[in-house]
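Since the structure comes first, as structure tokens, the remarks are kept for the end.
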Amino acid sequence: MSTAIPSSAQPAVPAELQEIIDDFQAMTEPERLELLLEFSRSLPELPSRLADHPEMLEQVVECQSPLFLTVEAGESPEHPVELFFSAPPEAPTTRGFAGVLHEGLNGLSAAEILAVPADVPDRLGLTRAITPLRMRGMSAMLGRIKRKVAEQRAAGSAGSAGSAGSEATGTTVADAAG
């Protein structure tokens, strides 16, 4: 006999991300927009090793504003994944989405990130306040993060020797998917 698990059978959202979702859902629409703006202000700057080498970041072309990201994951699945984003200050919605994903996912294991449900952006309760194109951008960010984590995990399990000590395990891979 199983314990009481919600019958929705949705994949579990990591606690850090669920707390953010709960915060958004507890607010009115105008308050949600203000919280998104706060996340935009809290998005960390790129470390100099990435800021000085923008070619190491991958553009998320589905975003209406320029957004670039990279992922660094260790070779073992339990190793914390680090997320890095670059978006201009003039793009607060895009920066806000990146800030939500950074705060909710950064430092989690690859397995935890790969298990995040694709509908997380919709769970923030912003679908009426933000245009569908912008919501698609956040979904694309999450999808890109998960794809890059999966690629790095596969490369690590394939025994990619020589990458130990490499600062840039999040090298860009051209992405034609949309």
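A few comments on the model shown:
- Count of the range 1-57 residues which are modelled with pLDDT of 90 or more, among the hydrophobic types (A, V, I, L, M, F, W, C) and outside any helix (DSSP H, G or I): 6
- Residues that are open to solvent by less than 10 Å² (accessible area, probe 1.4 Å) and over 16 Å from residue 134 (Cβ atoms), drawn from the range 93-107: 104, 105
- Remark: pairs (first residue in the range 115-132, within 18 Å of residue 33 (Cβ to Cβ) and of a type in the set (D, E, K, R); second residue at pLDDT 95 or above and open to solvent by less than 10 Å² (accessible area, probe 1.4 Å); Cβ separation under 8 Å; 6+ apart in sequence or on different chains) = 123/21; 123/24.
- Single unsatisfied condition, residue 112 versus (1) open to solvent by 40 Å² or more (accessible area, probe 1.4 Å); (2) outside any helix (DSSP H, G or I): (2)
- Looking only at residues in the range 82-92 that are surrounded by 19 or more Cβ atoms within 10 Å (Cβ to Cβ) and not small (Gly, Ala, Ser), the one that is farthest from residue 17 (Cα to Cα) is 92.
- Within the range 122-178, the only residue that satisfies the criterion of being surrounded by 14 or more Cβ atoms within 10 Å (Cβ to Cβ), modelled with pLDDT under 90, part of a helix (DSSP H, G or I) and polar (S, T, N, Q) is 152.
- Taking the criterion of being open to solvent by 40 Å² or more (accessible area, probe 1.4 Å) and not acidic (Asp, Glu), the residues of the range 48-64 that qualify are 48, 49, 51, 53, 54, 59, 61, 64.
- Criterion violated by residue 42 - all others in (1) small (Gly, Ala, Ser); (2) open to solvent by less than 30 Å² (accessible area, probe 1.4 Å); (3) touching a Gly at 6+ places or on another chain (Cβ under 7 Å) satisfied: (2)
The values are calculated or read from the model by the stated rules, or taken from the named source; none is laboratory data. Worth saying up front: this structure is predicted, and the values here are computed from it rather than measured. Cβ sites come from the backbone with ideal geometry, for glycine too, and all protein chains shown count toward neighbours. Just so you know, the surface numbers come from the protein's heavy atoms only, side chains and all, with ligands and any DNA or RNA stripped out. Shrake-Rupley method; radii C 1.70, N 1.55, O 1.52, S 1.80 Å.
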